[in-house]
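Worksheet: the structure to be examined is printed underneath.
The values are calculated or read from the model by the stated rules, or taken from the named source; none is laboratory data. Remember, it's a predicted structure, so these values are computed and weren't measured experimentally. Note that we place each Cβ from the backbone using ideal geometry, even for glycine, and neighbour counts take in every protein chain shown.
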Amino acid sequence: MLVEHTLFGEINKVDIAIKRLQEFEPQEGYLLAFSGGKDSQVVYHLAEMAGVKFRAEVAPTPDPPELIRFRRKYYPDVIERKCNVFTKRQVKGTMEGRPKTIFNLISSKKQPPTRMQRYCCEELKENVGNVGDTVLVGVRWSESNNRKKLSMVSFWKGKVMVRPIIDWTDEDVWEFLKKYKKPYCELYDQGFTRIGCIGCPLSSNQEKELEMYPKYKENYIRAFNRMIKNLDNNTTWQTGEDVMEWWIGKCKEKPLENQCSMFEE
Ligand code: SF4
């Protein structure tokens with residue numbers, strides 16, 4: 001509940017989050033890591049209510065089209081980040097200077113992203129902002145055991161990370177969006193509790209998502225085909241479809257000599 005009456009008085013989570021935002025506001029303003037998902041929406045609106053200076057940016061991740069349409073319609077001021085490009089040192093030839101996407105990263109990294117090799121998170125999501133920036137994120141303790149270890153404010157890669165709704169529950173997030181009559185992405189009404197990258201290897205619904213969005217599946221298969229052409233070692237993968245089979249866990253055969261399965265923790 002957003003407002004609780006306890007023996008020690010009233011606890012109002014909205015007021016507390018607003019105070020946190022005001023307390024840590026940097027002179028140059030916050031950079032909000034925005035996705036259009038419910039948590040980043042709440043932080044966006046709290047920052048408005050707090051009257052703090054901020055700009056919101058979205059990472060170039062493979063998001064569902066419903067989410068992309070939603071944020072373009074309701075949050076047209078959000079900047080779609082395209083600044084991280086391949087440099088000559090990272091790739092030879094045609095990809096130099098091109099913005100990074102999960103699809104062209106697959107061929108440059110010469111392997112699909114896996115649970116153990118989350119290079120796409122590192123390259124596309126986590127490089128938000130520059131050293132010295134104060135970054136706002138909608139991360140919450142109730143999302144996972146790993147997130148329970150985070151503090152409200154911390155330093156990370158030379159940036160200050162501020163998590164104003166770290167102690168909010170899912171119910172608090174929904175209560176806020178309903179109370180303040182904020183629209184939300186239609187996918188939540190279709191049963192999705194979290195919305196993120198289509199085909200993420202960390203998702204328990206990876207195969208289902210790829211079936212739901214066949215165009216994305218085709219793009220991954222094309223990326224896997226380009227990746228196979230780039231591989232120097234011998235591989236048992238003949239086609240992008242072979243890689244896809246392995247990626248979604250249908251094929252238990254080892255694709256590369258000495259390479260671990262992505263499902264080995
Ligand atoms: S696909 Fe998964 S691992 Fe890759 S950027 Fe998206 S969330 Fe991170």
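Just a few scattered comments:
- Filter pass, residue 7 being more than 22 Å from residue 192 (Cα to Cα) and at pLDDT 95 or above: no
- Among the residues of the stretch 62-71, those that are part of a helix (DSSP H, G or I) and touching a residue at least 12 places away in the same chain (Cβ under 8 Å) comprise 65, 66, 67, 68, 70, 71.
- Residues being among the hydrophobic types (A, V, I, L, M, F, W, C) and in contact with a helix residue (DSSP H, G or I) (Cβ under 6 Å, 6 or more places away or on another chain) - total across the stretch 169-197: 5
- Enumeration of residues in the stretch 1-36 that are in contact with a Phe, Trp or Tyr (Cβ under 7 Å, 6 or more places away or on another chain) and not aliphatic (A, V, I, L, M): 13, 29, 30, 34, 36
- The numbered conditions (1) within 16 Å of the ligand (Cβ to nearest atom); (2) more than 18 Å from residue 64 (Cβ to Cβ); (3) loosely packed, with under 12 Cβ neighbours inside 10 Å are all true for residue 250 except (1).
- Of note, residue 263 does not satisfy the criterion of being modelled with pLDDT of 95 or more, farther than 21 Å from residue 68 by Cα and surrounded by 11 or more Cβ atoms within 10 Å (Cβ to Cβ).
- Residue check for residue 146: within 30 Å of residue 239 (Cβ to Cβ) and within 16 Å of the ligand (Cβ to nearest atom): no
- Considering only residues in the stretch 38-58 that are under 16 Å from the mean Cα position of the chain (by Cα) and in a strand (DSSP E or B), the one that is farthest from residue 162 (Cα to Cα) turns out to be 58.
- Criterion violated by residue 224 - all others in (1) farther than 17 Å from residue 109 by Cβ; (2) at pLDDT 95 or above satisfied: (1)
- Filter result for residue 135 (at pLDDT 90 or above, closer than 23 Å to residue 197 by Cα and within 16 Å of the ligand (Cβ to nearest atom)): no
- The residues in the stretch 108-125 that are among the polar types (S, T, N, Q) and assigned to a helix (DSSP H, G or I) can be counted, and the count is 1.
Here's the yes/no breakdown for (1) at pLDDT 95 or above; (2) assigned to a helix (DSSP H, G or I):
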site	(1), (2)
14	yes, yes
21	yes, yes
27	yes, no
32	yes, no
36	yes, no
60	no, no
73	yes, yes
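- Considering the stretch 170-227, the residues that are crowded, with 17+ Cβ neighbours inside 10 Å and among the small types (Gly, Ala, Ser) include one that is farthest from the ligand (Cβ to nearest atom), namely 223.
- Condition met for residue 103 (of a type outside the set (D, E, K, R), within 30 Å of residue 239 (Cα to Cα) and at pLDDT 90 or above): yes
- Unique match (being within 20 Å of residue 24 (Cα to Cα), away from the ligand (no atom under 16 Å from the Cβ), modelled with pLDDT under 90 and not charged (D, E, K, R)) among 158, 129: 129
- All positions within the stretch 61-80 that are surrounded by fewer than 19 Cβ atoms within 10 Å (Cβ to Cβ) and in contact with a strand residue (DSSP E or B) (Cβ under 8 Å, 6 or more places away or on another chain): 75, 77, 79, 80
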